[in-house]
Amino acid sequence: MILLDTTVLCYAVGSEHTYREPTRRLLGAIRNGELRASTTVQVVQEFVHVRSRRRGREDAAELATAYLRLLSPLAVADEDVLDDALRLFVATPGLGSFDALLAATVLRQSDTLVSADRAFAGVRGLRHLIPDAAGVDGLLARS
């Protein structure tokens, strides 16, 4: 299963961008049952924060609810994941604490993280995919 980062959710409903069309195709494949994916509570919360600053609270909550339904059940980080995340945070200088938690969740519970954030490339053992056309095409081809 793949785990989606906030960047995927934002680009799919954002203004024109190189990643908008590929992220929309990715979410369409998930919606059609061609691909299994999830995310975390923290990712949905971050999406709401980012989206509400640009489009308002009602819009952000409506889209977040749709993502929640599409990507449920959500991946949950327990104490072991948090412990791993803290080690990653120290070992990977380019990785923030939120991203360290997401990376640790993927390493324990999923096989691929889809994110436009290139800081994940520095995490040893993490399969990180950029949501550009080539990345999404490759992911859909193997499903």
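Read the figures in this text as sums done on the coordinates, not as results from a lab. Please read these numbers as outputs of a predicted model, since none were measured by experiment. Please note: Cβ atoms are built from the backbone with ideal geometry, for glycine as well, and neighbour counts cover all protein chains shown.
Observations
- Vicinal HN-Hα couplings computed from phi for segment 71-77 (Karplus, 6.51 cos²θ - 1.76 cosθ + 1.60; Hz; Gly/Pro x): 9, 6, x, 7, 6, 10, 8
- Two-site FRET efficiency, Val90 against Ala133, from Cβ-Cβ distance with R₀ of 35 Å, rounded to 0.05: 0.50
- Extension gain (nm, one decimal) between Arg118 and Arg142, 0.36 nm per residue minus Cα-Cα: 6.4 nm
- Net charge of the neighbourhood of Thr40, taken over other residues with C-beta under 13 Å away and scored Lys/Arg +1, Asp/Glu -1, is -3.
- Listed residues Ile2, Ala103, Val76: farthest to the positive end of the dipole of the chain (Cβ charges): Ile2
- Other residues with beta-carbon under 14 Å from the beta-carbon of Ala133 carry, at +1 per Lys or Arg and -1 per Asp or Glu, a net charge of 0.
- 3J(HN,Hα) along segment 109-114: 10, 9, 10, 8, 10, 9 Hz, from the Karplus curve 6.51 cos²θ - 1.76 cosθ + 1.60 with θ = phi - 60°, whole Hz, x for Gly and Pro.
- Amide H partners (placed H, <5 Å) of Thr112, local residues excluded: Leu3
- For the chain, calculated [θ]222 nm from helices alone, where every DSSP H run of n ≥ 4 adds -39500 (n - 2.57): -19000 deg cm²/dmol
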